[in-house]
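Here the structure is laid out as structure tokens; the discussion comes afterwards.
The values are calculated or read from the model by the stated rules, or taken from the named source; none is laboratory data. Keep in mind that what you see is a predicted model, and the values were worked out from it rather than measured. All Cβ positions, even for glycine, are placed from backbone atoms using ideal geometry, and neighbour counts span all protein chains on display.
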Amino acid sequence: MSSVDCPSVLPIPDSKKERCEKLKAAFITKYGHPPTFIARASGRVNLIGEHIDYHGYSVLPMAIEQDILAAVSTNDEGKLKLANTNPGYKDFESSSKESPIDKNNPSWEKYFLCGMRGVVEHLGLEEVKGMSCVLDGLIPSCAGLSSSSALVCCAALCTMHANAQRLSKTELSDLCASCERYIGTEGGGMDQAICFLAKPGIAKLIDFKPLKTTDIKLPEGAVFVISNSCVQMNKAATTHFNARVVEGRLACQLIAKGNGLAWRDMKRLKDLQVTLGVKLSDMPEVVKAAIHPEPYTKDELCGILGVSAEELAQTSLSANTSEMQNFNLYDRAMHVYQEAERVYQFKETCENSPSNVMEGLGQLMSDSHRSCRDLYQCSCPELDDLVETCLKAGAYGSRLTGAGWGGCAVSLVPTNQVQAFLSQVTAEFYNKDERRASQIKESLFATAPGGGAALYCL
Ligand code: ADP
Ligand code: NG1
């Protein structure tokens, strides 16, 4: 265990005082005494690098101001008691040591249990303090802004602090990336890493294994605007996300097999690239040579890999994709390798700041969206419509952010045109639909890189 660079314990910042006061009052109403600390975990917007973290490739997100707060006190009953300021999230109570996480029913408390279990297992805690908590979240949920990971990270922070432990931000990032998988989705580590390692004013290039971040100074003269398509997609409750994870895994296993490599151990497309010793920019050619563009059937894959359907499920599939019959390997692998390149191009464009820097970044974002839409097939008609509306309203570039199949777009907009942009998107996307119009306040906003997870002393 390291005590280096643990998330800071800070006084409540002015911008959050009013909300924290309300949260404290809600806590007192619920439990009859005040909380002893508040934990904070932020959401994030991924600027570029979609669906590549779980293949080992670098991504480029920034934290957003919207976050989840948890007011906490320990209790002597050894129980975990959860309440939420949003009445849609029902109260939960259990003995802290019993924490079954049922993958078939990803209700909100399961994400908390993931974070709690992550810390308990990482530290090997035998005695776990009971915790009474009230949570308050402002991150639109199921919208690609990482509300689920913020909840997991917040729970991990609560558990660490309540048990008088100190973990570094890097340890917390890694353990939260692992423990969120208890919910069933086989995500990468982007959300948890930016949640703990974000710095105000700075976007981050995140490399994995080992986790490392590089500050990316965004050019001046344009801002990122987030807009929510108002289509929700819960990753853990559907197979969409894991289906993509396994298609990528199978693509790399097929290429590995064709190259005489130990294919069963090959799980991530970056590992394949490194093992083959091929440049990233040459990987699309490797894919073209080894994989056909038509989807593979399960029988065909079993034949090529020389395994039974049961063995294939063991080596390559997840619990919720074991019944999949068709696998589009070509398009998925093409997306991953080309998107990974775009991340480095985005970083270089920010660093070199050529005269057409905004057009360059915008182009990369729009290319990324097209690839998500056409190759990765993780968009949806409403999100495509929103992206088109944002481009028409003057964005340099626009793309879906997060897992997709709904959720948010992020657009790069000239600073001096933000108001006009917001008005046009409001008129053309939100005001044309009553449900969207009623959600506009939390659905359309300009954003700047925010700070990461923190603990507030009371
Ligand atoms: P996202 O893209 O926002 O991470 P997910 O589909 O992965 O979305 O997870 C969303 C789930 O996280 C919600 O269904 C809910 O269970 C949980 N969640 C999000 N925000 C909150 C909150 N404020 N309070 C309680 N649970 C939340
Ligand atoms: P969202 O949908 O924003 O929670 C998910 C994954 C990320 C990443 C993106 C797609 C989790 C917890 N998060 O993010 O790791 O793969 O999709 O780029 O699984």
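Only one of Ser379, Ser398 is in contact with a Cys (Cβ under 8 Å, 6 or more places away or on another chain), modelled with pLDDT of 95 or more, in a loop (DSSP other than H, G, I, E, B) and among the polar types (S, T, N, Q). Can you tell me which? When all the criteria are applied, what remains is Ser379. Scanning the stretch 113-158 for residues that are under 30 Å from Ser379 (Cα atoms) and acidic (Asp, Glu) turns up just one, Asp136. Taken together, Cys158, Cys153 contain a single residue that is within 17 Å of the chain's Cα centre (by Cα) and assigned to a helix (DSSP H, G or I), which is Cys153.
Applying a threshold of 8 Å to beta carbon distances and a minimum spacing of six or more residues, or different chains, the list of pairs starting in the stretch 126-151 at a residue that is near ligand 1 (Cβ under 7 Å from one of its atoms) and ending at one that is at pLDDT 95 or above and among the aromatic types (Phe, Trp, Tyr) reads Leu135/Tyr89; Leu135/Phe112; Ser148/Tyr111; Leu151/Trp108; Leu151/Tyr111; Leu151/Phe112. Among the numbered conditions (1) among the β-branched types (Val, Ile, Thr); (2) closer than 29 Å to Arg244 by Cα; (3) assigned to a loop (DSSP other than H, G, I, E, B), the only one that Val128 does not meet is (2). Within the stretch 184-203, is there a residue that is within 16 Å of ligand 2 (Cβ to nearest atom), part of a strand (DSSP E or B), touching a residue at least 24 places away in the same chain (Cβ under 8 Å) and touching a Leu at 6+ places or on another chain (Cβ under 6 Å)? Yes, the stretch 184-203 contains at least one residue that is within 16 Å of ligand 2 (Cβ to nearest atom), part of a strand (DSSP E or B), touching a residue at least 24 places away in the same chain (Cβ under 8 Å) and touching a Leu at 6+ places or on another chain (Cβ under 6 Å).
Based on this model, can you work out whether Thr185 counts as hydroxyl-bearing (Ser, Thr, Tyr), buried (at least 19 other Cβ atoms within 10 Å of the Cβ) and farther than 22 Å from Leu400 by Cα?
So Thr185 does not fit the description; no.
Scanning the stretch 322-353 for residues that are of a type in the set (Phe, Trp, Tyr), crowded, with 20+ Cβ neighbours inside 10 Å and under 20 Å from the mean Cα position of the chain (by Cα) gives Tyr337, Phe346. Of everything in the stretch 385-420 that is among the β-branched types (Val, Ile, Thr) and over 20 Å from Phe346 (Cβ atoms), the residue that is nearest to ligand 2 (Cβ to nearest atom) is Thr389.
Among the residues making up the stretch 162-173, those that are surrounded by fewer than 24 Cβ atoms within 10 Å (Cβ to Cβ) and closer than 30 Å to Glu77 by Cα are Asn163, Ala164, Gln165, Arg166, Ser168, Lys169, Glu171. For the stretch 207-230, taking the residues that are over 20 Å from Thr447 (Cβ atoms) and in a loop (DSSP other than H, G, I, E, B), the one that is farthest from ligand 2 (Cβ to nearest atom) is identified as Pro210.
How do the helices (runs of 4 or more DSSP H) wholly within the stretch 245-320 filter down when requiring 3 or more residues that are over 26 Å from Arg181 (Cβ atoms): which remain?
Output list reads 283-290, 298-305.
When Arg399, Arg435 are screened for being at negative phi and surrounded by fewer than 17 Cβ atoms within 10 Å (Cβ to Cβ), only Arg435 passes.
Quick check on the stretch 413-444: of everything there that is more than 18 Å from Glu382 (Cα to Cα) and hydroxyl-bearing (Ser, Thr, Tyr), which residue is farthest from the chain's Cα centre (by Cα)?
Residues of the stretch 413-444 more than 18 Å from Glu382 (Cα to Cα): 413-421, 423, 441.
From the residues that got through so far, the ones that are hydroxyl-bearing (Ser, Thr, Tyr) too are 415, 423.
Working: Thr415: 27, Ser423: 29 Å.
Here the residue is Ser423.
From the list Ala409, Ala403, the one residue that fits, being within 15 Å of Ile440 (Cα to Cα) and within 16 Å of ligand 1 (Cβ to nearest atom), is Ala409.
Taking the criterion of being closer than 18 Å to Phe327 by Cβ and under 28 Å from the mean Cα position of the chain (by Cα), the residues of the stretch 264-294 that qualify are Arg264, Met266, Lys267, Arg268, Leu269, Leu272, Val287. The requirement of being at pLDDT below 95 and more than 17 Å from the chain's Cα centre (by Cα) is fulfilled nowhere in the stretch 55-70; no residue meets it.
The single condition among (1) closer than 30 Å to Tyr344 by Cβ; (2) more than 15 Å from ligand 1 (Cβ to nearest atom) that Ser73 does not satisfy is (1). Can you tell me which residue within the stretch 117-146, out of those that are within 16 Å of ligand 2 (Cβ to nearest atom) and surrounded by 24 or more Cβ atoms within 10 Å (Cβ to Cβ), is farthest from the chain's Cα centre (by Cα)? Filtering the stretch 117-146 for residues that are within 16 Å of ligand 2 (Cβ to nearest atom) and surrounded by 24 or more Cβ atoms within 10 Å (Cβ to Cβ), the one farthest from the chain's Cα centre (by Cα) comes out as Gly118.
Does Ala237 satisfy the criteria of being within 18 Å of the chain's Cα centre (by Cα) and at pLDDT below 95?
For Ala237, the condition - within 18 Å of the chain's Cα centre (by Cα) and at pLDDT below 95 - is met.
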